[in-house]
Amino acid sequence: MTDALVIGAGPAGLMAAETLAANGVSVTIVDAMPSVGRKFLMAGKSGLNLTKNEDADAFQAAFGPLPAAMQAALADFGPAQVMAWAEGLGQPLFTGSTGRVFPKAMKASPLLRAWMARLDGQGVTLKTRWLWVGWDAQTPIFDTPEGRVTRTAPIVVLALGGASWARLGSNGDWAAYLPEAVTAFAPANMGFGVAWSAHIDAHLGKPIKSIKLSAGTAESRGEIVLTKAGIEGGGIYMVSRAMREGAALTVDLLPDWDLARVRAALRKPQGKTSLTNHLRKTLKLGPAQIALLSEFGRPFPNDLAPLIKALPINHTGPHPMDQAISTAGGVRFDALDGFVLKEREGVFCAGEMLDWEAPTGGYLITACLATGRAAALQALTRTVAPQA
């Protein structure tokens, strides 16, 4: 018999297991996939942005309003603690110019190997290809290579992920087994569809930089990439929540110029130069920026400057949820006491399966680690488990 059963072997589940095992609890981790941390490894292919090196208030502000349990978890295990933890696993880090923190290896696999070695040294048991399929009363049921089995433990930590990237194991199917506690999923940190005209084809796949995106009160100076399906990139992700909630998207093509300066530049004689060349020469706009202006600005008004400063972008809505980097929705905090389910004493929830949302930039992984740790610490104070 195990003292703690952790269901889900992503960052939240592994951190919960580490915290429990470090306090003398025997832990078994089960995961539906053949290997652990698949979405974590995918994130590492672009550099593994572990956290953001900024003060606690600024870090938490990026999440928007948070329930008290999340605030406490992030205060207890925020950027400084994440950096110390990763370095404790033998992973040297560096901080980029925007404050984002990465392993010097620029991938997730060395960190994950070191982490799994630590867990193995703590006596943690790992079972893969164990798919959670609900409850037998209060006991979790699993489909396994050996058939259907049940397992019980004084502590059960659910760390099942959100509902994007299903091929990596995060599909949200578990929500059917917690119907009383879950709010519907929605895509987060996602691109948006655009029905481009043919003249955009030459600019597909190219980043557009030095712009500002606005949606409601949300703003971003990040870059975007035009794709065949629409708009992707860090810039759009930063305002995607506001867009999903109905705010219109505008792009400032010259955020470092005020309106008067743009107007003054446009008043320069155009002569026989085409408008495209006039915009390029007087405003220093690049080809992709001019193409974007043409796509959404024509027919051009006599006063083009306001359009350049706030170009409306017409889109067809978010890309499908499975293509999103993360998801909103999941287990509601009003169904929890801290991180334990009110209706299932001894069952704790952590990670992206909880109903919180954050932008990219180190916030997602940090919050998964923090909530995994917080759920485990709460389990230690609420559950009497035999010591190993």
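Which one of these is at positive phi and surrounded by 14 or more Cβ atoms within 10 Å (Cβ to Cβ): GLY216, GLY147, GLY134, GLY205?
GLY216
Please work out which one of (1) modelled with pLDDT under 95; (2) more than 30 Å from MET83 (Cα to Cα); (3) in contact with a helix residue (DSSP H, G or I) (Cβ under 7 Å, 6 or more places away or on another chain) is the condition PRO359 fails and give its number.
(2)
Let me confirm something: among ALA61, ALA84, ALA68, which residue is free of Cβ contacts under 8 Å to residues at least 12 places away in the same chain, out of contact with any Lys or Arg (no Cβ under 9 Å at 6 or more places or on another chain) and closer than 24 Å to GLY121 by Cα?
On inspection, the qualifying residue turns out to be ALA84.
Here's the yes/no breakdown for (1) closer than 22 Å to PHE77 by Cβ; (2) of a type in the set (Ser, Thr, Tyr); (3) buried (at least 24 other Cβ atoms within 10 Å of the Cβ):
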site: MET1; (1), (2), (3): no, no, no
site: ALA12; (1), (2), (3): yes, no, yes
site: ALA17; (1), (2), (3): yes, no, yes
site: ALA22; (1), (2), (3): yes, no, no
site: VAL25; (1), (2), (3): yes, no, yes
site: ASP31; (1), (2), (3): no, no, yes
site: VAL36; (1), (2), (3): yes, no, no
site: LEU48; (1), (2), (3): yes, no, yes
site: THR51; (1), (2), (3): yes, yes, yes
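Quick one: what pairs do we get from segment 204-216, first residue assigned by TED's automatic domain parsing to the domain that holds LEU293 and of a type outside the set (Gly, Ala, Ser), second surrounded by fewer than 18 Cβ atoms within 10 Å (Cβ to Cβ) and assigned to a loop (DSSP other than H, G, I, E, B), C-beta under 6 Å, 6+ apart or different chains?
Pairs found: LEU204/LYS228; PRO207/GLU223; LYS209/GLU223; LYS212/ARG221; LYS212/PRO255.
Restricting attention to segment 211-235, and to residues there that are in a strand (DSSP E or B) and of a type in the set (A, V, I, L, M), which single residue is nearest to MET190 (Cα to Cα)?
ILE231
I'm trying to understand the selection: among the residues of segment 297-318, which are touching a Leu at 6+ places or on another chain (Cβ under 8 Å), surrounded by 11 or more Cβ atoms within 10 Å (Cβ to Cβ) and either under 19 Å from ARG241 (Cα atoms) or not charged (D, E, K, R) (or both)?
Correct list: GLY297, PHE300, LEU304, ALA305, PRO306, LEU307, ILE308, LEU311, PRO312, ILE313, HIS315.
Please tell me if TRP257 is touching a residue at least 60 places away in the same chain (Cβ under 8 Å), of a type in the set (A, V, I, L, M, F, W, C) and more than 30 Å from LEU377 (Cα to Cα).
no
Answer yes if at least one residue in segment 175-187 is within 21 Å of the chain's Cα centre (by Cα), polar (S, T, N, Q) and surrounded by fewer than 22 Cβ atoms within 10 Å (Cβ to Cβ), and no otherwise. Give the steps one after another, and end with the answer.
Keep residues of segment 175-187 that are within 21 Å of the chain's Cα centre (by Cα), which gives 175, 182-187.
Checking which are polar (S, T, N, Q) leaves us with 183.
Of the ones still in play, those that are also surrounded by fewer than 22 Cβ atoms within 10 Å (Cβ to Cβ) are 183.
Within segment 175-187, one or more residues are within 21 Å of the chain's Cα centre (by Cα), polar (S, T, N, Q) and surrounded by fewer than 22 Cβ atoms within 10 Å (Cβ to Cβ).
Select, from PHE94, PHE59, the only residue that is surrounded by 17 or more Cβ atoms within 10 Å (Cβ to Cβ) and in the same structural domain as GLY8 (by TED's automatic domain parsing).
Unique residue meeting the criteria: PHE59.
Looking at LEU168 and the list (1) closer than 25 Å to ALA188 by Cβ; (2) touching a strand residue (DSSP E or B) at 6+ places or on another chain (Cβ under 9 Å), which single condition is not satisfied?
(2)
Restricting the search to segment 280-296, which residues are of a type outside the set (A, V, I, L, M, F, W, C), buried (at least 16 other Cβ atoms within 10 Å of the Cβ) and within 21 Å of GLU223 (Cα to Cα)?
Within segment 280-296, the subset of a type outside the set (A, V, I, L, M, F, W, C) is 280-282, 284, 286-287, 289, 294-295.
Within this subset, residues satisfying the condition of being buried (at least 16 other Cβ atoms within 10 Å of the Cβ) are 280, 282, 286, 289, 294-295.
Once the filter is applied, which keeps residues that are of a type outside the set (A, V, I, L, M, F, W, C), buried (at least 16 other Cβ atoms within 10 Å of the Cβ) and within 21 Å of GLU223 (Cα to Cα), segment 280-296 yields ARG280, GLY286, GLN289, SER294, GLU295.
The values are calculated or read from the model by the stated rules, or taken from the named source; none is laboratory data. Computed from a prediction, not measured in an experiment: that's the story for all the values here. Backbone-built Cβ (ideal geometry, glycine too); neighbour counts: all protein chains shown.
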